[in-house]
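Take a look at the structure set out below.
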């Protein structure tokens, strides 16, 4: 499997372990292990590429580099899955908080003790949490399919060639979906209409 952005990708993956700020909601060790695993994947994938074009002639070295690359890919996918599941748990908690704030705003509206802008802020917080959760679920689908492909290529799980290809196709479709620009907002109808 060749990724679209080969040049300097391994260097970028290595430097993110030191320069990228660690999110407060994700364990720092998992975040750094993910960055190192991606660096291992890209570095050894370059060795595999060099063997394919003839720069590296030792077949044993290329095979070991390919297995190491796949292990880096699998470990990075599992770390990404752990980070995303942790983020989903945090986002779900914030969504529940926003939903309870919206329910409280509706009760206050019924009791006519509503504060200025309380309901709209709760609706906006709920919308933001839903959008973030939707994005994270798409990330989880992509990560699980990538981990399945890597584990299958390493023969850690027994998937046939068609199932492995199916997971690869799912991963590519999800990656394409993630690169698409967001839809423009729907026009609102004015009250005059």
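Read-outs throughout are calculated quantities, based only on the coordinates presented, and are distinct from any laboratory measurement. All values reported here derive from a predicted model rather than from experimental measurement. Here the Cβ positions follow ideal geometry from the backbone for every residue, glycine too, while neighbour counts run over all protein chains shown.
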Spatial separation of Cα centroids for the stretch 119-133 and the stretch 30-63, in angstrom
42 Å
q = 0.20, 0.22, 0.26 Å⁻¹: log10 I(q)/I(0) that the Debye formula gives for the stretch 46-111, counting C-alpha atoms only
-0.82, -0.87, -0.99
7 Å from Cα along Cα→Cβ at both residue 93 and residue 141: what's the point-to-point distance in nm?
2.7 nm
Where the Cα atoms of the stretch 37-82 are projected onto their three principal axes, how long is each span, largest first, in whole Å?
38, 14, 10
Highest mean packing first, using Cβ neighbours within 10 angstrom, the peptides 89-97, 66-74, 136-144, 172-180 sort as 66-74, 136-144, 89-97, 172-180
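Peptides 75-83, 57-65, 150-158: what's the order by average Cβ count within 10 Å, highest mean first?
On the way: 75-83: 21.2, 57-65: 12.7, 150-158: 16.1.
Output ranking for 75-83, 57-65, 150-158: 75-83, 150-158, 57-65.
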If R₀ is 41 angstrom, what is the calculated FRET efficiency for the pair residue 108 and residue 134, using the beta carbon separation as r and rounding to 0.05?
0.90
Pseudo-spin-label distance residue 157 to residue 85, built 7 Å along Cα→Cβ, given in nm, is 1.2 nm
Give me the number: length gained by fully extending residue 169 to residue 52, i.e. 0.36 nm times residue separation minus the C-alpha to C-alpha distance, one decimal in nm.
39.8 nm
